[in-house]
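Chemist: So that we are looking at the same thing, I have put the structure below in structure tokens.
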Amino acid sequence: MICQIDAVVDYYSNVRYRESIDNVTLADVHLGRDKAIIRKGKRSRNRHIRNAAYNIKSRLHKQSHRRTEASNTQTGLMSQLI
């Protein structure tokens, strides 16, 4: 019975993340690691957002370039027919 209680307390304190305290564990807060973890998470999220924005811009540029090439090809074919 004592082992089961210890397992629950360990899980509750060291494993379970709390949304109310910025998704860190109680142990992280108690040991002062929470602020560093939160900063690291924000940097990671910001990097992810920048990468996603770059990928979207890149994809849009490629689509625009393909449309321009297709338009130029069609214009070239029409001029050959005339």
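The values are calculated or read from the model by the stated rules, or taken from the named source; none is laboratory data. Given the structure is predicted, the values throughout are model-derived calculations rather than measurements. Using ideal geometry, Cβ is built from the backbone for each residue, glycine included, and neighbour counts are taken over all protein chains shown.
Chemist: Do you know which of the residues in segment 14-29 that are loosely packed, with under 14 Cβ neighbours inside 10 Å and in a helix (DSSP H, G or I) is nearest to the chain's Cα centre (by Cα)?
Modeler: The residue in question is Glu19.
Chemist: Oh, and also: Six or more apart or on different chains, Cβ atoms under 7 Å: show the pairs whose first residue is in segment 36-50 and at pLDDT 80 or above and whose second is assigned to a helix (DSSP H, G or I).
Modeler: Short answer, once both residue conditions are applied: Ile37/Asp28.
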